[in-house]
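Shown next, in structure tokens, is the structure this report addresses.
The values are calculated or read from the model by the stated rules, or taken from the named source; none is laboratory data. Predicted, not measured: the structure shown is a model, and the values here were computed from it. Virtual Cβ from ideal backbone geometry, glycine too; neighbours counted across all protein chains shown.
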Amino acid sequence: MSNNTILINSIPISVSLNPDIEKVQESTENLYHKKRLVSISAIAILIAACVSVIAKFLIYLIDVITNIFFYGKFSIENVSPADNHLGLWVIAIPAIGGLIVGLMAMYGSKAIRGHGIPEAMEQILTNQSKIKPTITYLKPLSSAISIGTGGPFGAEGPIIATGGALGSTFGQILKISHNERKILLAAGATSGMAAIFGTPIAAIFLAIELLLFEFSPRSFIPVALACITGAAGHHLLFGKGVVFPIEQAIAIPSNQALLFYSIMGIVVGLLSVVITKIVYWIEDGFEHLPIHWAWWPAIGGIAVGIVGYFSPRTLGVGYNNITDVLSGGMTTQILISLFIMKFISWSISLGSGTSGGTLAPLLTIGGAAGALIGIGVNQLFPEVGINISLSALVGMSAMFAGASRAFITSIVFALELTGQFNALLPLLASCTGSYIISYFIMENTIMTEKIARRGVKTPFSFEADVLGKHTVEQVLTDNGIIISEDNSIKEVREWLDKDEQNKSNYFIISDDEGEYKGILSSSNLFSAHHSEDANVGTLIKRNNIYINTQDTLLTAVEMMAKENIDVLPVISRENASIVGILSYKDILSSYKHRFDEDEEKQAHISLKRNSLKILLRGQKLVTSIRKIGK
């Protein structure tokens, strides 16, 4: 039996494989993936075009509801609920809106509650990116009612949720993979953000940091095309200028000012942590109320109305508030009122589970905080020369960075919203400080806390897959066996029963000449339906399954998963011979090696005097050897 069993470490076995055929197969596979990418990209563009129209419709719907409830007229005119003259009756309007939203959630879909992004993240991570198609119309309708009746939210959250639902619906109708459905969901969601704000680059980074959890051509290209389409829709339907213009160009700040903005990032980062904690503390408070959750938005609406009575600026979307804060001309009293009252109104309403976005409120609160800090610094240290508009912009961006930990999105978003690219360094300094504070103090963010409580773990790092970095050759060992096809089934069974170490789920089969024939499963080998006198070669059902030494371990894992096997013959590209057998244990060892590298702490250069002398002597010795070798 041992004469017929060929050991890998003693005899290299040739195999008749055609390299040209292999190249054709690889080329065909690459062409297929590129065709799929083109198809998904085309669908993503179509979805983005639809979402742009929906975004415009949502704004019109908010305006119509605002005009009806606050001014008693049917009109699409863009008006602010802050200019109403209803007196105490203004308290009832947000409560009515909250009641309608609660009933819609109870009888329509509970998924319309919340601000959109966490819900999309949850469906991506737990439900193969499947969102109920009803969300496509229920979410914008409920959000328009909530915002139009005075809810202190932005329109961006609802349109992100709506776009994601539309992308998911397309993905469920079409015959595509789970990953492709995730891409369409992200494309729809972020194209909605680009359509509302005209910020395609920030929308792409939002997809990478909060939705896709990956950065690859198959996901990046469709999302980028969708965001470009959404931005084109914004220019066509909303106008070509930036959303929040600053009249005077921001000058490049001094080094003293940069130091201040860095410190301000830390302060705003602490504020973002406190704000996030309070929002979920309020949400926990609603959970303990002895009434059905459908009534909570109405209770939150009452709070919105009371705050709105005393501070009308807190009602509605409030994009004009952001523009006014960025102008640098608001008084300290108005800024304090806006900062405190907007936060109270928004946090209670959001905690009640109504429908609306968080981005605009965070920008308003952060901008007011930044402007207040800038005014204070100018009074105490006038020589620093703080620009209040820049201070407000930095506060907005740092608040978003700390609350969401979407670091790059926060910086690029502020630049695209205002077109003030001289603000890049202050934004980078402040967002870094805010992000660091948030990372070290807060376990979850305002986007992930809700789903984390449901047991959903959100990826927070984007590292190259260790399997994609290592080749088969790097982990391949000379252990393994190859069985000749001429051995009888009885012989092989007896030999395996005697030697427990050689037992495996799959075996590589060759002929006496060493030609690779295929793979045989142990379950098939030990099946009672086979005659023991038959040769093992008659049992082969898997052939032409192999991997090359230069292929990555990721390719090997994908092949193992596709073929449902745990070993692969490894073929050398140079001489087309079997050079080893790759098992799942070899792949696991690469992970262990990575963990060992991460944990190992070793200094490669010592600063101690004696060690340095030894190192220098070693360098001279190497030089001498090289000379001798020459």
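So if I check each of Ser397, Ser389, which one is modelled with pLDDT of 95 or more, small (Gly, Ala, Ser) and either part of a helix (DSSP H, G or I) or not assigned by TED's automatic domain parsing to the domain that holds Gln256 (or both)?
Numbers: Ser389 fails: modelled with pLDDT of 95 or more.
Just a single option satisfies the conditions, and that option is Ser397.
For the range 297-317, state whether one or more residues are assigned by TED's automatic domain parsing to the domain that holds Gly98, among the aromatic types (Phe, Trp, Tyr) and either farther than 28 Å from Ile437 by Cβ or part of a loop (DSSP other than H, G, I, E, B) (or both). Yes, the range 297-317 contains a residue that is assigned by TED's automatic domain parsing to the domain that holds Gly98, among the aromatic types (Phe, Trp, Tyr) and either farther than 28 Å from Ile437 by Cβ or part of a loop (DSSP other than H, G, I, E, B) (or both). The single condition among (1) crowded, with 17+ Cβ neighbours inside 10 Å; (2) free of Cβ contacts under 8 Å to residues at least 60 places away in the same chain; (3) charged (D, E, K, R) that Lys240 does not satisfy is (1).
Residues in the range 274-297 that are more than 20 Å from Glu443 (Cα to Cα) and buried (at least 17 other Cβ atoms within 10 Å of the Cβ): Phe286, Ala294, Trp295, Trp296, Pro297. The criterion of being in the same structural domain as Val273 (by TED's automatic domain parsing), surrounded by 24 or more Cβ atoms within 10 Å (Cβ to Cβ), under 30 Å from Pro297 (Cα atoms) and in contact with a His (Cβ under 6 Å, 6 or more places away or on another chain) holds for Gly357. For Ile344, the conditions (1) β-branched (Val, Ile, Thr); (2) touching a residue at least 24 places away in the same chain (Cβ under 8 Å); (3) over 20 Å from Ile446 (Cβ atoms) all hold with the exception of (3). For the range 541-579, give me each residue that is at pLDDT 75 or above and either on the phi > 0 side of the Ramachandran plot or assigned to a helix (DSSP H, G or I) (or both). If the condition is that a residue be at pLDDT 75 or above and either on the phi > 0 side of the Ramachandran plot or assigned to a helix (DSSP H, G or I) (or both), then Leu553, Leu554, Thr555, Ala556, Val557, Glu558, Met559, Met560, Ala561, Lys562, Glu563, Asn564 are the ones that fit. Mind checking whether some residue in the range 173-185 is among the polar types (S, T, N, Q) and in contact with a Ser or Thr (Cβ under 7 Å, 6 or more places away or on another chain)? No, the range 173-185 has no match at all.
Please verify whether Val267 is assigned by TED's automatic domain parsing to the domain that holds Ile40 and buried (at least 16 other Cβ atoms within 10 Å of the Cβ), treating the condition exactly as stated. Yes; evaluated as a whole, the condition is true for this residue. If the condition is being surrounded by 24 or more Cβ atoms within 10 Å (Cβ to Cβ), in a helix (DSSP H, G or I) and out of contact with any Cys (no Cβ under 7 Å at 6 or more places or on another chain), then the range 188-211 contributes Gly188, Ala189, Gly192, Met193, Ala195, Ile196, Phe197, Ala202, Leu206, Ala207, Leu210, Leu211.
If you go through the range 466-505 and keep only what is under 14 Å from Leu582 (Cα atoms), at pLDDT 75 or above and surrounded by fewer than 13 Cβ atoms within 10 Å (Cβ to Cβ), you end up with nothing. Is it the case that some residue within the range 54-66 is assigned by TED's automatic domain parsing to the domain that holds Ala406, assigned to a helix (DSSP H, G or I) and in contact with a Phe, Trp or Tyr (Cβ under 6 Å, 6 or more places away or on another chain)? Looking through the range 54-66, none of the residues is assigned by TED's automatic domain parsing to the domain that holds Ala406, assigned to a helix (DSSP H, G or I) and in contact with a Phe, Trp or Tyr (Cβ under 6 Å, 6 or more places away or on another chain). The residue pairs whose first member lies in the range 119-130 and is farther than 16 Å from Thr448 by Cβ and buried (at least 23 other Cβ atoms within 10 Å of the Cβ), whose second member is among the hydroxyl-bearing types (Ser, Thr, Tyr) and at pLDDT 80 or above, and whose beta carbons are closer than 8 Å, counting only pairs six or more residues apart or on different chains, are Ser129/Ser168. Listed conditions (1) of a type outside the set (D, E, K, R); (2) in a helix (DSSP H, G or I); (3) at pLDDT 90 or above; (4) surrounded by fewer than 18 Cβ atoms within 10 Å (Cβ to Cβ) are all met by Phe74, apart from (2).
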